[in-house]
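Notes to accompany the following structure.
The values are calculated or read from the model by the stated rules, or taken from the named source; none is laboratory data. All values reported here derive from a predicted model rather than from experimental measurement. Cβ: placed from backbone, ideal geometry, glycine included. Neighbour counts: every protein chain shown.
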Ligand code: GLU
């Protein structure tokens with residue numbers, strides 16, 4: 001292991017003792033970068049790693065809002081502007097009770113490399129709030145979004161920082177936030193947010209993009225393995241946007257999805273969650289006040305396992321699409337014992353570093369989040385392009401670009417790993433390919 005890498009990991013741990021998720025990502029990324037750092041002694045002189053693990057700017061603010069009964073609530077709002085070397089800060093907003101500085105710093109750090117890997121000019125950022133949307137009415141969601149944007153608007157802009165959705169933030173929330181931004185700024189800066197509705201500057205395919213992208217990326221892996229999706233069984237976690245997009249594409253590719261999950265438990269549907277009616281039900285579930293996946297089991301008469309995760313269910317391909325740290329070493333052992341061949345990350349950091357290492361050691365091909373789920377942010381960058389051109393591409397045009405981007409992400413990851421003699425290692429390859437561009441841009445821009 002490279003001594004400089006080791007020192008920076010240690011220093012990051014000492015400096016951020018209460019940020020386990022952030023440290024997990026920093027350790028994973030920097031460890032795989034060791035062979036690159038070996039070749040570039042100038043990085044240490046420029047304190048490049050110390051700089052890359054430190055956000056350029058961290059904004060923390062109070063969000064006060066009123067519920068339907070008139071009661072006042074206070075949440076914490078965040079925006080981490082992590083790295084702007086290759087473009088405006090770009091990344092989603094997450095509304096989830098588990099949100100804290102550690103979670104957002106891990107997501108923001110990941111985003112730097114993911115965004116770079118798309119080959120588009122976007123820096124890395126992330127934000128959100130510990131607000132819990134479960135059980136909240138539409139009016140409450142609107143008031144929260146307005147309160148959140150009342151502060152956030154002074155920090156963002158189409159050339160500064162461009163937020164989007166993430167867990168708990170979809171088209172509806174982006175709409176309310178865009179409305180509030182426009183009201184306060186009196187300016188039609190539609191490039192300030194992505195994931196907008198189609199009537200006010202959104203891009204076709206953006207809602208589907210993350211899920212579609214996972215499958216386009218997986219398809220490149222299949223080609224590399226001389227394999228196909230036809231007849232394969234898939235286990236997915238989550239029920240939101242990513243899960244919905246992935247299931248839509250898996251269905252088109254001839255695969256069968258047997259599970260979805262949420263914080264209440266998981267659903268097992270042996271007939272396959274693949275009919276248009278079942279897929280459309282996921283949208284209803286996400287728009288409901290309860291957001292409980294048991295509703296799906298009741299609707300279609302299948303089994304619901306309260307409080308459990310789906311990793312014990314046998315499948316060929318596993319795609320976690322829910323949230324971070326769903327898969328520890330015990331779950332990884334189950335997945336390997338089930339005879340899995342492929343594991344693609346629709347969610348960000350769904351598995352521990354130990355679990356990913358276990359997959360790789362046991363011959364499961366790992367498509368890491370920053371490559372596999374980069375389709376969402378890639379189409380966000382295409383949305384920014386369309387907004388600045390004041391023009392819209394057709395569905396076919398966006399889809400073709402997304403396919404092309406996902407193929408390039410796969411091929412660039414493979415090439416980067418091969419350059420360092422690492423073989424078909426998509427995890428190291430994604431980190432290296434993402435890092436190289438950002439590192440060169442940072443060096444070129446001098447100390448900052
Ligand atoms: N939240 C998504 C991600 O994790 C999308 C971000 C964006 O579109 O800016 O990449």
Residue among 344, 359 that is away from the ligand (no atom under 13 Å from the Cβ), under 30 Å from residue 197 (Cα atoms) and touching a strand residue (DSSP E or B) at 6+ places or on another chain (Cβ under 7 Å): 344
Test: residue in region 53-72 that is in contact with a helix residue (DSSP H, G or I) (Cβ under 7 Å, 6 or more places away or on another chain) and under 27 Å from residue 378 (Cβ atoms): yes
Output for region 223-247, where each listed residue is more than 18 Å from the chain's Cα centre (by Cα) and under 15 Å from residue 274 (Cβ atoms): 229, 230, 231, 232, 233, 234, 235
Criterion: more than 16 Å from the ligand (Cβ to nearest atom), buried (at least 16 other Cβ atoms within 10 Å of the Cβ) and assigned to a strand (DSSP E or B) - qualifying residue of 336, 366: 366
The one condition in (1) closer than 22 Å to residue 90 by Cβ; (2) more than 16 Å from the ligand (Cβ to nearest atom); (3) surrounded by fewer than 19 Cβ atoms within 10 Å (Cβ to Cβ) that residue 388 fails to fulfil: (2)
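Which residues, counting only those in region 93-129, are part of a loop (DSSP other than H, G, I, E, B), out of contact with any helix residue (DSSP H, G or I) (no Cβ under 7 Å at 6 or more places or on another chain) and crowded, with 21+ Cβ neighbours inside 10 Å?
99
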Residue under evaluation residue 161, criteria (1) more than 12 Å from the ligand (Cβ to nearest atom); (2) under 19 Å from the mean Cα position of the chain (by Cα), criterion not met: (1)
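Return the total of residues in region 8-54 being in a helix (DSSP H, G or I) and within 22 Å of residue 107 (Cα to Cα).
28
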Members of region 259-270 that are without any contact (Cβ under 8 Å) to a residue 60 or more places away in the chain and in contact with a helix residue (DSSP H, G or I) (Cβ under 8 Å, 6 or more places away or on another chain): 259, 260, 264, 265, 266, 267, 268, 269
Some residue of region 184-191 being modelled with pLDDT of 95 or more and within 25 Å of residue 404 (Cα to Cα): yes
Within region 133-151, tally of residues that are under 25 Å from the mean Cα position of the chain (by Cα) and in a loop (DSSP other than H, G, I, E, B): 4
Number of the condition not met by residue 427 [criteria: (1) over 21 Å from the mean Cα position of the chain (by Cα); (2) surrounded by 17 or more Cβ atoms within 10 Å (Cβ to Cβ); (3) more than 16 Å from the ligand (Cβ to nearest atom)]: (1)
When residues of region 93-116 are limited to those that are away from the ligand (no atom under 13 Å from the Cβ) and closer than 17 Å to residue 27 by Cβ, the one nearest to the chain's Cα centre (by Cα): 105
From the options 427, 377, 414, residue that is more than 23 Å from residue 164 (Cα to Cα), in contact with a strand residue (DSSP E or B) (Cβ under 8 Å, 6 or more places away or on another chain) and part of a helix (DSSP H, G or I): 427
Single residue of 50, 45 found to be farther than 26 Å from residue 143 by Cβ, more than 16 Å from the ligand (Cβ to nearest atom) and in contact with a helix residue (DSSP H, G or I) (Cβ under 9 Å, 6 or more places away or on another chain): 50
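Rundown of residues vs (1) within 16 Å of the ligand (Cβ to nearest atom); (2) outside any loop (DSSP other than H, G, I, E, B), yes/no style:
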residue	(1), (2)
59	no, yes
64	no, yes
68	no, no
73	no, yes
87	yes, no
91	yes, yes
Filter result for residue 250 (within 14 Å of the ligand (Cβ to nearest atom) and in contact with a helix residue (DSSP H, G or I) (Cβ under 9 Å, 6 or more places away or on another chain)): no
Residue 398, sole failed condition from (1) outside any helix (DSSP H, G or I); (2) over 22 Å from residue 324 (Cα atoms); (3) within 16 Å of the ligand (Cβ to nearest atom): (1)
Hits in region 227-271 - residues which are part of a loop (DSSP other than H, G, I, E, B) and touching a strand residue (DSSP E or B) at 6+ places or on another chain (Cβ under 7 Å): 232, 237, 238, 239, 255, 264, 269, 270
Flag if residue 170 is within 15 Å of the ligand (Cβ to nearest atom) and surrounded by 23 or more Cβ atoms within 10 Å (Cβ to Cβ): no
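Residues are listed down the side, and each one gets a yes or a no for (1) without any contact (Cβ under 8 Å) to a residue 40 or more places away in the chain; (2) within 27 Å of the chain's Cα centre (by Cα):
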position: 3; (1), (2): yes, no
position: 10; (1), (2): yes, yes
position: 18; (1), (2): no, yes
position: 27; (1), (2): no, yes
position: 44; (1), (2): no, no
